[in-house]
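Presented below is the structure to which this report refers.
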Amino acid sequence: MSLRTDLGKIRGLGSAKEGVAHWWAQRLTAIALVPLMLWLVINIAHLAGADVKAVQAWIANPVTSVLLILMIVAVFHHMQLGLQVVIEDYVHTEWLKLASIIAVKFAAIALAATSLFAILKIAFAG
Amino acid sequence: MDTRERPLSPHLQVYKPQLTSTLSIMHRMTGVALAVGTLLLVWWLVAASLGGEAFTTIQTIIGSWFGRLILFGWTFALFYHLCNGIRHLFWDMGKGLDLPSAYRSGWIVIAAAIVLTVSGWVCGYHSMGAL
Ligand code: HEM
């Protein structure tokens, strides 16, 4: 016998009320981040000590620009999903929990937008 | 209902620290550390787009001994979180969940994180012509 209501079964969202969407997005971004972060670290290690011209030339390369954009989107999406879980686990005052989660999501979007703008500016305006 | 007298599950501190529990909390700590570290990444990208003094400033900060220490910590956190993240993905596929496998993969993650961190820094110092 199941204790779930008919409506609950049809919605199929479980007690978290969001199904597996959050969990799945965390895994998808994690998979994407494996090659992207390895690529980033290798390239930054190669740029160690380089002057601004060399760094800008690297970022302006179309392949680099696109990979950097993908990396930024994946990192901030993954970060925001992860920090939400951490907050949900440790912050038990309802309004504070909500405020912290909103702050994290807004900060992630602002940081991602800032990074993307910087990348595109170097790529298009030099 | 009165909730004060309800039995609580044992607090974490009554457990002996084990490899598995230590690596688990480290995944969370490195995740949070990496989140803070993204500020440095954004700063670096913005400085590169501004050029001039903005870039010199961040390069001086990252190049200082303290900056390098932070960057070293960030690289280790990244490689640990990345390797342990892959361990998580195998668990998600139902693989390696028994105790001997969890211990074995745990030691592999530690070794891989150390090797990758050191390789990354050797590569970095090599590009700077310091090696
Ligand atoms: C700068 C990059 C990254 C940041 C800021 C970041 C941040 C985080 C945070 C805050 C969490 C939540 C931790 C928790 O709930 O205890 C998390 C979880 C996770 N991360 Fe990352 N992460 C990054 C890169 C990666 C990479 C490269 C992987 C590669 C596989 C990865 C795989 C995972 C996985 C699988 C989880 C879920 C773990 C769980 O269910 O407890 N992350 N990450």
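The figures follow:
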{"item": "Label-point separation in nm, residue A:31 to residue A:16, each point 7 Å along Cα→Cβ", "result": "1.7 nm"}
{"item": "Interface residues, segment A:35-72 - accessible area loss of 40 Å² or more versus chain alone, probe 1.4 Å", "result": "A:37, A:38, A:41, A:45, A:48, A:52, A:55"}
{"item": "Volume per residue of the C-alpha convex hull in segment B:24-90, rounded to whole Å³", "result": "74 Å³"}
{"item": "Rounded to 10°, Cα long-axis angle of helix B:99-127 versus longest principal axis of chain B", "result": "10 degrees"}
{"item": "Contact order relative to length of chain B, as percent, for alpha carbon pairs under 8 angstrom and 6 or more apart", "result": "27 percent"}
{"item": "For segment B:87-106 versus segment B:1-47, the gap between their alpha-carbon centres in whole angstrom", "result": "20 Å"}
{"item": "Sparse-neighbourhood loop sites, chymotrypsin sites (Phe, Trp or Tyr not before Pro) in segment B:1-59 - DSSP loop, at most 16 other Cβ within 10 angstrom", "result": "B:15"}
{"item": "Karplus 3J(HN,Hα) series, Hz, for segment A:40-53 with 6.51 cos²θ - 1.76 cosθ + 1.60 (x for Gly, Pro)", "result": "4, 5, 4, 5, 5, 4, 5, 8, 3, x, 6, 7, 4, 4"}
{"item": "Average accessible area per residue (Å²) across the protein assembly as shown - probe 1.4 Å, nucleic acids and ligands excluded", "result": "62 Å²"}
{"item": "³J(HN,Hα) computed for each position of segment B:30-39 - Karplus, 6.51 cos²θ - 1.76 cosθ + 1.60, integer Hz, glycine/proline x", "result": "5, x, 5, 4, 5, 4, 5, x, 4, 4"}
{"item": "Segment B:29-128, accessible surface, carbon-and-sulfur percent (1.4 angstrom probe)", "result": "79 percent"}
{"item": "Dimensions (Å) - the protein assembly as shown, Cα atoms, principal axes, largest first", "result": "67, 40, 34"}
{"item": "HN-Hα J in Hz across segment B:15-20 - Karplus 6.51, -1.76, 1.60, θ = phi - 60°, x for Gly and Pro", "result": "8, 5, x, 10, 3, 4"}
{"item": "Carbon/sulfur fraction of accessible area - chain A, other protein chains in place, 1.4 Å, %", "result": "73 percent"}
{"item": "In degrees, nearest ten, helix A:94-125 long axis to first principal axis of chain A (Cα)", "result": "30 degrees"}
{"item": "Tilt relative to chain B, helix B:65-92 - C-alpha long axis, 0 to 90 degrees, to 10", "result": "40 degrees"}
{"item": "A/B buried area, accessible surface, summed, 1.4 Å probe, Å²", "result": "2800 Å²"}
{"item": "Reach of residue A:121 by Cα under 20 Å, taken over lysines that are not fewer than 8 positions away in the same chain", "result": "A:53"}
{"item": "Contact order relative to length of segment A:22-126, as percent, for alpha carbon pairs under 8 angstrom and 6 or more apart", "result": "38 percent"}
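The values are calculated or read from the model by the stated rules, or taken from the named source; none is laboratory data. Note that the structure is predicted; figures quoted are calculated from it, not measured. Cβ sites come from the backbone with ideal geometry, for glycine too, and all protein chains shown count toward neighbours. Please note that ligands, DNA and RNA were not included when accessible areas were found on the heavy atoms of the full protein model with its side chains. Shrake-Rupley method; radii C 1.70, N 1.55, O 1.52, S 1.80 Å.
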